[in-house]
Each structure stands twice: as C-alpha cells, then as structure tokens.
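> First the structure, then my questions, so here it is.
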Amino acid sequence: MAAQLLGLFPGVSVTAATAPVAAQTVAPQPVAAPQIAWTKDLHVIGAVSIALNGDLVFIGSDAKLHRTDSRGVEKWTFALGDIGRAQPVILPSGGVVAGSYDDTLYSLDAAGKLVWKLKLDGDIYASPSLRPDGSLIVATAGGTVFAIDASGKTLWSYKALSPVFSSPAVAADGSIYFGSQAGRVTSLTPDGALRWSFQAGSSVFSSPAIDAQGSVYFGSADRKVYALAPDGTLRWSAQTRLFVNASPIVTSTGLVVVASYDGNLYAFNPAGVAVWKTTLGSPAAAAATELSDGSLVIGDLSGTLHALSLNGDELWKITPNLKIDTAVAASDAGTLYFGTQGGKLSAINGQRPQASGPWSSFRVTPSGWGRSLSASEQAARVQATQVAAKRPVQVVASGKPPVTTPPVTKPPVPPPPVVTAPVVTPEQLAAQAAQAAAVAATQAGQAARVQDAQIYLPLTELAAALQAKVLNRSNLSATLVLADPLTGTVPANQTPVTLTVRLFAGRAYVPLSGLTLFPGSKARYEVATRSYQLSTPERTLLDLPLDLPTLLKPQPVQEYPTVIVIRR
C-alpha cells in the first residue's frame, strides 16, 4: 500500500506507524474525600510554587507577583508589567524568578525587592528552568530560548523560529528540551548549540518530562504521546482520541502518566505499553502530580479534582465545579493546593507530600525548578518530606461539607458585584483554533472525492482546516493565504497560493496535489492512521483524516451496458 501511495503522490512520504496498544480501563473505587481546609480569592491565574518554608508564590490576574504563607495570608506583592501564567521559580536562597506577558523576566529577593529584570523578545508563557549553577533557561512566544545567568545577563540565545509555549526541561547531563508551535521538539547542549530536533505531527504545547535513563516524553496536538531516546530517535508513540496539550510526568515506578483532551488519563510503561487508562469524564490540560504513596492528583476542565491510586483506581474526587487547568501543588508538609477559574485557591491539609520520582510533577519540584535532580538533591527531597510521607492521611469526618474562608459579616450597604472577564491564555486560544481546524479537517476528509485520477477536497472546509483566508475565488481558481493561527491575521511575509477549482454539484473543490504549492511545505501520508499531513519548517499546516485506500479503490467497470435495447 505504501508503494502505491508514493506513486500517486510524488514527494509525499508515507509512514506505516504501529497500531496503538489497547489500554485497560480501570473500574473506579471511590472512597471518602478529604476536607478542603480553606478557599480564598487570591486572584491566582497560574501555577503555584511552594518554598521550602511552605510559602506560596504565584502570579495573579492583577498583574502582580504574590507571596503568601502556607495559609494564603499575604506577605508581599510586586507589580509586573502584565499578567502571566508561567510557574515562578523559587531559588534556594528564597528569591523568586518570574516571567510575564510583558516580555520581561523578573528576579526578586525573598523579601519581594527587585534584584534585576530583563526584557526579552516575546511573552513568557513557558515556565523557566533553574540549572544547578543558578542560571535560567527561558523560552518566549517570540520563538527564542535564552540562557540567563544569576545576575540577569544573557549567556546565549537560540532561535526556534516558532512560538514556544512548552516549558523547557533540563536533563541531568545539562541537555535542554522544549517543544514549539511548529511541532518540533528541540534539544540543545548546555551552551545553546543544536543537538537534534524531532518533528511531531502538530504543535507541541506539552512540556517535556525526562525519566531516569534520560528518555524524553511529551504530547502533541496530533493526538499522540511520544517517547524519544536521549539522542532524539523515536522510541514509541501512542495514539489518543484528541490533542494532548497536558504535560506528562514520570512516576517513581517509571510510569509515564499524561492526560488528553479526550477526557482520559493514560499510563504507559517505559516500553510504551499502555498499563491503564482512567476516564476523568472531561478534558484535562494540566499535568498530574504524584504523591509520596504513589497516588496521583489531577484536575480537569469541568472543575473536578481527582485522586487516583498507582493502579489508576479512583480514590476520591472533589467537585468545586470551576475549571482547573493548572497542576496541583503538593507541599513538603502534605498540603495540596489547587487553583480554579476566577482566581480562587483551595488547600487540603493532612495529605501526602509530592513524591521524589524522576519527574513527579509538572516542574519536578514544588519550587518549580524544571530539571532532573542530582542524587544528593533527590536525597534532600526525601528527607524534607519524610514526616508527612509517614503520618496518617486525613479524610473528611461524618460527611461534613468542605470548609471555606469564614464568612464576612454583611455590610450595611453591599458593594456592587465586580465582574472580571476570564483570562484567555495563548494556550487556550491556540487550543480553540486547533480544535476548530481539526473539526474542519475531518469534514474535508469525509467530503473528499476522486475525479480523473485526482483527489479533490471541498474549498471551504479545507481553508478552515488550514486556518487560511480565501483572498478571491472564481469558478476556475481560488487564491489562499495562510493566517496566523492565534490572531487570524495574515503575516506580511506570507505568499498567496492559487489552486484550480472544480465544481461538483455546485460546490467548489480544489486538488489535494496542489497543497504542496505553499512555500516550504512537505506532505506525508501515514498508512496506519490514514491521515495526510502537510507541514512547513515553522509549523504543521494540516492533519487531515483521509481514507485513501477506500477513495482509490478501483471501481468495477461493466463490460456490457445494463440495459440492452433490442430493435425489431
């Protein structure tokens, strides 16, 4: 089949991918849920970092960096130039480094005083990584990865040529890994030189996780989970039913755990075999967090916080019914913190601390370091959590409802309600655009037809799938130009492409073969998944479900007419 397809599409590569292993769906066994100790409106919109003394650090919707104690009582705030959702890095000194959407990286001391700030070339959506020497790896939506020393000076920069929302991960040998909107996962040396790059089928929001052997794991909008060897070769990939924007973790037992927008949480062993799959019931965009007893906690976009056993069984769940799209933070004292839509932060006391696995949470440590730890650092983490790891876990008694912040006495004249618009992040915008494009691609593939040995696609659905604008169209031709997936605007350097139009039942179609006219584009067809993919060095343009074997199946030709008229 692959040879036949290569003959039909010159210049198109054909990949015969292995079929995904069927996962085992685990029957949930719910138990008593723990009690929420408090819920406070702290304006939190990003991931929360936890200091060694239990302090919480996060960026708020008020465009301020906040530091509170473990009870959510404010210690200080620092005004940033804009909001941000990157997880702050808490330094061993107690200082904090945070990036925001004003393109600036800020370094503050433990008291909240500015030490330095550095303007970069784009919004800082990705969370920085802290290297052992105190330098930082920072990626921007401008498509550049920077190394910044502890004094705020730029050591080097690397042009990724595509926005980077994937938070860089630093391996034990100093190698750096990150994904981009172009669908590439790139590895750099500690000095910023290119080691290798790997092309996925679509954009990579997911931040890489690294196991004890140095293998790298990530998800993609092409609906797959990938495992790469340290040298960049593909070890395995596994298919889910929708895009994988969530970041994977690697547990203490070596399981790779990652959520998909299809509403499932998947666990794979290092060889890529699906060990279990648990239905969350709603899409999930956040990473799971492993606790010291091997259990997992994760929130979903419908507003449910799930706790699962190491085998994927549901232990308990809490339903605040407000979207949870950042990872649960677990303190060394065993307090779980989770943020919900609208800026609220909730705490659950008396639980297990975070595990000390190879990559047990979104950024490895509660302080957000984003790198593999040395043996001595791992030992220090175990020492810091041993008390909370051994004590009994608290659960709710007598079915009491969760406790929130004590009510405030009613004022004589209630103030008018303050309505704040929800913060729409670049990830959410791109996820919405990718979902709309995926729906249009499915519709285009379903409506494909063959005429005169050529495959034609409906123009309207194809343009939506490409996220392209139709500049003009006649009954003979159509001119398309690619637009920016996030803004919908046409970049000045984009070259329009004119395709031949054929009308079928009054509907405009264009030839599939003409898509490679887009500058720098290459096409390939995956036989196992029956999908046609078109990409440029900057990004994946199209991931089109297309059943070529059925479309190109020869139709029987009758030797004689079905009706023979006999003249007498």
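> For Glu526, tell me the accessible area in Å² from a 1.4 Å probe, rounded to the nearest 10.
Roughly 10 Å² of Glu526 is accessible to a 1.4 Å probe.
> Right, another one. I'd like the distance between the alpha-carbon centres of the stretch 216-274 and the stretch 441-511, rounded to an integer number of Å.
33
> Excluding ligands, DNA and RNA, what is the solvent-accessible area per residue of the stretch 259-346 at a probe of 1.4 Å, expressed in Å²?
Ligands and nucleic acids excluded, the figure is 26 Å² per residue.
> Right, next: How do 212-225, 512-525 rank on mean C-beta neighbours within 10 Å, highest first?
Details: 212-225: 22.6, 512-525: 18.0.
Highest mean packing first, the order is 212-225, 512-525.
> Quick one: which residues, 5 or more positions from Arg235 or on another chain, have an amide H under 5 Å from its amide H? H modelled 1.01 Å from N in the peptide plane, none for Pro or chain starts.
Hits under the 5 Å cutoff: Ala227, Leu228, Ala229.
> Whose amide H sits under 5 Å from the amide H of Gly299, counting only residues 5 or more places off or on another chain, with H placed in the peptide plane?
Amide H neighbours of Gly299, under 5 Å, 5+ apart: His306, Val328.
> Please compute the per residue accessible area over the stretch 145-246 with all protein chains in place, 1.4 Å probe, rounded to a whole number of Å².
Value for the stretch 145-246: 32 Å² per residue.
> Hey, any idea what % of the stretch 60-202's accessible area is carbon plus sulfur with a 1.4 Å probe?
Exposed carbon and sulfur together represent 52 percent of the surface.
> Taking one equal scatterer on every alpha-carbon of the stretch 242-294, how large is log10 of I(q)/I(0) by Debye at q = 0.15, 0.22, 0.24, 0.28 1/Å?
Log10 of I(q)/I(0), two decimals: -0.37, -0.79, -0.92, -1.15.
> Over all distinct Cα pairs, what is the inverse of the mean 1/r for the stretch 217-269, reported as the Kirkwood hydrodynamic radius in Å?
In the stretch 217-269 this quantity evaluates to 11.1 Å.
> So what's the stretch 460-528 giving for Cα Rg divided by 2.2 N^0.38 Å, two decimals?
Numbers: Rg = 12.8 Å, N = 69, 2.2 N^0.38 = 11.0 Å.
Its radius of gyration relative to the 2.2 N^0.38 Å reference: 1.16.
> Restricting the calculation to Cα positions, tell me the Rg (one decimal) and the Dmax (whole number) of the stretch 247-335 in Å.
12.1, 37
> Next up: Give the Rg (one decimal place) followed by the Dmax (whole number) of the stretch 501-557, computed from C-alpha coordinates and expressed in Å.
So, for the stretch 501-557, Rg and Dmax equal 13.7, 45 Å respectively.
The values are calculated or read from the model by the stated rules, or taken from the named source; none is laboratory data. Keep in mind that what you see is a predicted model, and the values were worked out from it rather than measured. Ideal geometry is used to build each Cβ from the backbone, glycine not excepted, and the neighbour counts take in all protein chains shown. All accessible areas refer to the heavy atoms of the entire protein, side chains included, with ligands and DNA or RNA removed. Shrake-Rupley method; radii C 1.70, N 1.55, O 1.52, S 1.80 Å.
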